[in-house]
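Q: My structure is below; once you've seen it, I'll send some questions.
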Amino acid sequence: MSATLLKIENLNKSFGKKEVLKDISFTAQKGHIIGLIGANGAGKTTIMKAILGILPFNGKITINDKEVSIDKHQPLQSVGALIEYPGLYPYLSGREQLKLFATGKERERKVHNIIDELQMNRFADQRTKDYSLGMKQKLGVGLALLNDPQFVILDEPMNGLDPKATKELRDLIVREKENGVTFLVSSHILSELQRIADDVVVIDHGKIVTSTTMERLLSSNKKYYFIDTNNNKLATDILLKNNYQVENKEVLKIPILDDFSINNLLKILLSKNIKINDIKQQDGDLEESLLKVLDKEVIQA
Ligand SMILES: Nc1ncnc2c1ncn2[C@@H]1O[C@H](COP(=O)(O)OP(=O)(O)OP(=O)(O)O)[C@@H](O)[C@H]1O
């Protein structure tokens, strides 16, 4: 059996004359967490709706090698999803709604487990009309995970969650992944998914900009030395003359490239009587580099 759970080939979608998805192709391997990253309006929700067969599209989508479309929903039986805002019944409690949607055997156990896992005990018996955005979001995630799905699609699940709830949700996703569940999780904030996603698909204006592993994306992030001296202007001039790159001249910001040697750099500065006040190493801001990639795409488009 193939290790590919989801396969999307040449997915195109227009609303009227507006092309919203342009030739999207990617796969999700079983047991992986795939982060779908893109700014608001990039097309994340539309991709998810296409996978769930709730809108017509051009192209081919398969789950476990079985085709999904607006009128082929059979492969979706083992799929759980939270798309946009969870549709909740305001006068039912969270527990009642979970009971309503629990299927198969052991419904009580499923409801009990999910309330426990998501730490919803405190508010599970309140009517959802009184829930905060974060509580609604948790219940929405609970509904998506309720029936022991093989594949879970979560659209911006961290929306409205405080840092503690965000961490709990991240931990839950990772635990479920360890049980073999596959996830497609969207966010417009890379750092929300940075620690959990195995693979990442970055989309912008309906096109894939990058599709790679999270590890590779992170390793493309530059590292820098930040050096403060008694004369940063002079130190910058000296380093530029010696073919170093210096990105910021207030405090010297020097990218660490392949053949970089901090010893050689310091030797040069010390030989010119420059005094080093401070030196530290730091990773670049991945979010920032990603935005640069996206900006370039926008300019080229
Ligand atoms: N039913 C619709 N009719 C017309 N345009 C639509 C429809 N649904 C989505 N769009 C447009 O498609 C584009 C992609 O929307 P989509 O909701 O997929 O983006 P997104 O990446 O999920 O963004 P967000 O995080 O803001 O939801 C947007 O320009 C949106 O306005």
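Q: Pairs under 6 Å by beta carbon, first residue at pLDDT 90 or above in the stretch 186-201, partner of a type in the set (Val, Ile, Thr) and surrounded by fewer than 17 Cβ atoms within 10 Å (Cβ to Cβ), six or more apart or different chains?
A: Between residues of the stretch 186-201 that are at pLDDT 90 or above and residues that are of a type in the set (Val, Ile, Thr) and surrounded by fewer than 17 Cβ atoms within 10 Å (Cβ to Cβ), the close pairs are ILE196/VAL174; ASP199/THR213.
Q: Also, quick follow-up: Cβ-Cβ below 7 Å, separation at least six or inter-chain, first residue in the stretch 37-53 and at positive phi, second assigned to a loop (DSSP other than H, G, I, E, B) and crowded, with 20+ Cβ neighbours inside 10 Å: which pairs?
A: GLY43/GLY206
Q: To continue, here is another question. Pull up the stretch 194-206, narrow it to residues that are of a type in the set (A, V, I, L, M) and more than 12 Å from LYS44 (Cβ to Cβ), then point me to the one that is surrounded by the fewest Cβ atoms within 10 Å (Cβ to Cβ). Please lay out each step first, then the result.
A: Keep residues of the stretch 194-206 that are of a type in the set (A, V, I, L, M), which gives 196-197, 200-203.
The next check asks that each one be more than 12 Å from LYS44 (Cβ to Cβ); those that pass are 196-197, 200.
Values: ILE196: 17, ALA197: 25, VAL200: 24.
Once the filter is applied, the top-ranked residue is ILE196.
Q: For the stretch 37-53, which residues satisfy the criterion of being farther than 14 Å from ASN12 by Cα and either exposed (fewer than 13 other Cβ atoms within 10 Å of the Cβ) or within 11 Å of the ligand (Cβ to nearest atom) (or both)?
A: Step one: of the stretch 37-53, the residues farther than 14 Å from ASN12 by Cα are 37-41, 52.
Passing the criteria: ILE37, GLY38, ALA39, ASN40, GLY41.
Q: Restricting the first residue to the stretch 73-88 and requiring it to be under 22 Å from GLY31 (Cα atoms), which pairs with a second residue that is aromatic (Phe, Trp, Tyr) and surrounded by 19 or more Cβ atoms within 10 Å (Cβ to Cβ) meet a Cβ separation below 7 Å and a spacing of at least six or different chains?
A: Short answer, once both residue conditions are applied: SER78/PHE151; VAL79/PHE151.
Q: Looking only at the stretch 62-85, filter to residues that are within 20 Å of LEU143 (Cβ to Cβ) and of a type in the set (Gly, Ala, Ser); which one of those is farthest from the ligand (Cβ to nearest atom)?
A: Top of the filtered list is SER78.
Q: Can you report the number of residues in the stretch 17-36 which are near the ligand (Cβ under 10 Å from one of its atoms) and either on the phi > 0 side of the Ramachandran plot or touching a Leu at 6+ places or on another chain (Cβ under 7 Å) (or both)? Step through it out loud before you land on a result.
A: Within the stretch 17-36, the first condition is being near the ligand (Cβ under 10 Å from one of its atoms), and the residues that meet it are 18-21, 36.
Then keep just the ones that are either on the phi > 0 side of the Ramachandran plot or touching a Leu at 6+ places or on another chain (Cβ under 7 Å) (or both); that gives 21, 36.
Counting residues in the stretch 17-36 that are near the ligand (Cβ under 10 Å from one of its atoms) and either on the phi > 0 side of the Ramachandran plot or touching a Leu at 6+ places or on another chain (Cβ under 7 Å) (or both) gives 2.
Q: List the strands (runs of 3 or more DSSP E) inside the stretch 123-242, counting only whole elements, that have at least 2 residues being touching a Leu at 6+ places or on another chain (Cβ under 9 Å) and more than 18 Å from LYS30 (Cβ to Cβ). Steps first, answer last, please.
A: Numbers: elements: 151-155, 182-187, 199-204, 207-213, 223-229.
Ranges flagged: 182-187, 199-204, 207-213, 223-229.
Q: Follow-up question, since we're still on this one. Considering only the stretch 123-133, state which residues are farther than 15 Å from LEU100 by Cβ and touching a helix residue (DSSP H, G or I) at 6+ places or on another chain (Cβ under 9 Å). Quick ask: steps written out before the conclusion?
A: To start, the set of residues in the stretch 123-133 that are farther than 15 Å from LEU100 by Cβ comprises 123, 126, 129-133.
Residues satisfying the conditions are PHE123, GLN126, TYR131.
Q: If the requirement is being in contact with a Gly (Cβ under 9 Å, 6 or more places away or on another chain) and either closer than 26 Å to MET214 by Cβ or outside the structural domain of MET158 (by the TED database) (or both), which of these qualifies: ILE24, ILE63, ILE114, ILE70? Show your work before the answer.
A: Details: ILE63 fails: in contact with a Gly (Cβ under 9 Å, 6 or more places away or on another chain); ILE114 fails: either closer than 26 Å to MET214 by Cβ or outside the structural domain of MET158 (by the TED database) (or both); ILE70 fails: either closer than 26 Å to MET214 by Cβ or outside the structural domain of MET158 (by the TED database) (or both).
The unique qualifying residue is ILE24.
Q: Here's another thing I want to ask about it. Does VAL79 satisfy the criteria of being at pLDDT 90 or above, surrounded by 18 or more Cβ atoms within 10 Å (Cβ to Cβ) and more than 25 Å from ASN159 (Cβ to Cβ)?
A: On the way: at pLDDT 90 or above: yes; surrounded by 18 or more Cβ atoms within 10 Å (Cβ to Cβ): yes; more than 25 Å from ASN159 (Cβ to Cβ): no.
No; evaluated as a whole, the condition is false for this residue.
Q: Filtering the stretch 154-189 down to residues that are closer than 17 Å to LEU218 by Cα and surrounded by fewer than 21 Cβ atoms within 10 Å (Cβ to Cβ), which residue is farthest from the ligand (Cβ to nearest atom)? Steps first, answer last, please.
A: Let us first name the residues in the stretch 154-189 that are closer than 17 Å to LEU218 by Cα, namely 187-189.
Add one more test, that the residue is surrounded by fewer than 21 Cβ atoms within 10 Å (Cβ to Cβ), and what stays is 188-189.
On the way: HIS188: 6, ILE189: 11 Å.
Per the criteria, the residue is ILE189.
The values are calculated or read from the model by the stated rules, or taken from the named source; none is laboratory data. This structure is a prediction, so every number in the text was calculated from the model and none was measured. Heads up, the Cβs are rebuilt from the backbone with ideal geometry, glycines too, and the neighbour counts pull from every protein chain shown.
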